[in-house]
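Participant: Okay, handing you the structure first.
What follows draws every value from the coordinates through simple rules; no lab data is involved. What you are looking at is a predicted structure, and each value in this text was computed from that prediction instead of being measured. With ideal geometry, Cβ positions are generated from the backbone for all residues, glycine too; neighbour counts draw on all protein chains shown.
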Amino acid sequence: MIQVAIVDDEQKELDMLSDYFGKLQNELREEIVVTPFESGEELLEDYDYSYDLVCLDIELGGKDGISVAKELRRLDGKVILVFVTNMAQMAICGYEVRALDFLVKPVSYYSFSMKMRSAVRMIQNRKSKNIVLQTLDGLQKISTDQLYYVEVNGHYIYYHTKNGEFRQKAALKEVEGKLKGLSFERCNNCYLVNLKHVDRVKKDEIFVGGDWLRISRPRKKEFLQSLANYMGGVEER
């Protein structure tokens, strides 16, 4: 799940960007939760560090967007900032607050989609979590950043990681639930793959973690589309 804040003092702009994010969510099959704010002061008042991305209008009725961004950056050094502005030359001010990009009004969906896909990739690349495995040798904590893919064989799950292979008695569907919202996708009924570590695609196989894994025919289109979306590819027609 990706959390987005939109700050604009015009309701029609808030509605339009919210609709755009809804459309993008459907295209990427990535849950995007949008929270609108009518002023920068409202965003800053109870800022809770939950946002992955803030879309911030520069020309606001109260405190302007650049001033809001400076205060926001003092609170949160990691959140991705994208400015929305009527004047492209104003966007240069974004460098001092490390803004990723800017959108010029009137914002077309094409421009929005291209730039937000880059932002979504950055957010997906950042997201990870620690999971604790009950292995035959005891408890083992691993980071999903270090996890290449998960394999099911019989009643056991094998976690292929940068630090070796770990075995656990579990079902793949159970593991899939724990990894929901991260960059994992099934390429067939036996493998749950971390898209972050896919290095190569060759016909019906992918190369990940030093191994070639088979892509099943029923899952091929969905898997390759997810991989293309993750890497910023063009949506299939």
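Participant: Using alpha carbons only, how many angstrom separate the centre of the stretch 109-129 from the centre of the stretch 1-68?
Facilitator: 15
Participant: In debye, nearest 20: dipole of the stretch 2-126 around its Cα centre with unit charges on the Cβ of K, R (+) and D, E (-)? Write out the running numbers ahead of the final one.
Facilitator: Details: 14 positive and 23 negative charges, 158 e Å.
My answer is approximately 760 debye.
Participant: Okay, next question. Which one, LEU224, LEU192, GLY210, projects farthest toward the positive side of the charge dipole computed for the stretch 184-233 from Cβ point charges (K/R +1, D/E -1)?
Facilitator: Highest projection toward the positive end goes to LEU224.
Participant: Oh, and also: Choose one of LEU136, MET122, PHE112: the residue whose Cα lies farthest towards the positive end of the charge dipole of the stretch 91-160 (beta-carbon charges +1 Lys, Arg; -1 Asp, Glu; about the Cα centre).
Facilitator: PHE112
Participant: Among all lysine pairs in the stretch 76-161 that are eight or more places apart or on different chains, how many have alpha carbons less than 28 angstrom apart?
Facilitator: Summing the qualifying lysine pairs gives 10.
Participant: A follow-up question, please. For the chain, with only Lys/Arg (+1) and Asp/Glu (-1) charged at the beta-carbon, what is the dipole magnitude about the Cα centre, in debye rounded to 20?
Facilitator: The dipole of the chain has a size of about 1580 debye.
Participant: Using only alpha carbon pairs under 8 Å that are at least six residues apart, calculate the relative contact order of the stretch 177-218 and give it in whole percent.
Facilitator: Details: 48 pairs, mean separation 11.9, N = 42.
Result for the stretch 177-218 is 28 percent.
Participant: For the stretch 2-126, what class follows from the C-alpha gyration tensor (a ≥ b ≥ c being the square roots of its eigenvalues): rounded when a/c is under 1.5, otherwise prolate if a/b is larger than b/c, else oblate?
Facilitator: Rounded, because the longest to shortest axis ratio a/c is under 1.5.
Participant: Determine, for each peptide in 115-126, 205-216, the mean count of other beta carbons within 10 angstrom over its residues, then list the peptides with the highest first.
Facilitator: By packing density, highest mean first, the sequence is 115-126, 205-216.
Participant: About the Cα centre of the stretch 136-200, how large is the charge dipole given +1 on each Lys and Arg Cβ and -1 on each Asp and Glu Cβ? Please answer in debye to the nearest 20.
Facilitator: 100
Participant: Given R₀ = 35 Å, FRET efficiency for SER108-TYR47 by Cβ-Cβ distance, to 0.05?
Facilitator: That gives a FRET efficiency of 0.70.
Participant: Pick from ASP137, ASP199, ASP76: which is most flexible by mean-square fluctuation in a GNM of the chain where alpha carbon atoms under 10 Å apart are linked?
Facilitator: Of ASP137, ASP199, ASP76, the most mobile in the Gaussian network model is ASP137.
Participant: Taking 8 Å as the Cα distance limit and 6 or more residues as the minimum spacing, I'd like the relative contact order of the stretch 2-126 as a percentage.
Facilitator: Working: 182 pairs, mean separation 29.5, N = 125.
After rounding, I find 24 percent.
Participant: Once every DSSP H run of n ≥ 4 in the chain is given -39500 (n - 2.57) and the sum is divided by its residues, what mean residue ellipticity at 222 nm do you get, rounded to the nearest 500 deg cm²/dmol?
Facilitator: -10000 deg cm²/dmol
Participant: Something else: For the chain, with a Gaussian network of springs between Cα atoms less than 10 Å apart, report the residue from ASP46, ASP15, ASP101 with the top mean-square fluctuation.
Facilitator: Judging by the Gaussian network model, the answer is ASP46.
Participant: Also, quick follow-up: Report, for the chain, the % of DSSP beta bridges that are antiparallel, rounded to 5.
Facilitator: Of all bridge pairs located within the chain, approximately 65 percent are antiparallel.
Participant: Once you've got the GNM for the chain with C-alpha springs shorter than 10 Å, pick whichever of LEU224, LEU172, LEU75 has the biggest mean-square fluctuation.
Facilitator: LEU75
Participant: Compute the relative contact order of the chain as a whole-number percentage, counting only Cα pairs closer than 8 Å that sit 6 or more residues apart in sequence.
Facilitator: Value for the chain: 12 percent.
Participant: How far, in degrees from 0 to 90, does helix 65-75 lean away from the longest principal axis of the Cα atoms of the chain, to the nearest 10?
Facilitator: On a 0 to 90 degree scale, this one is about 40.
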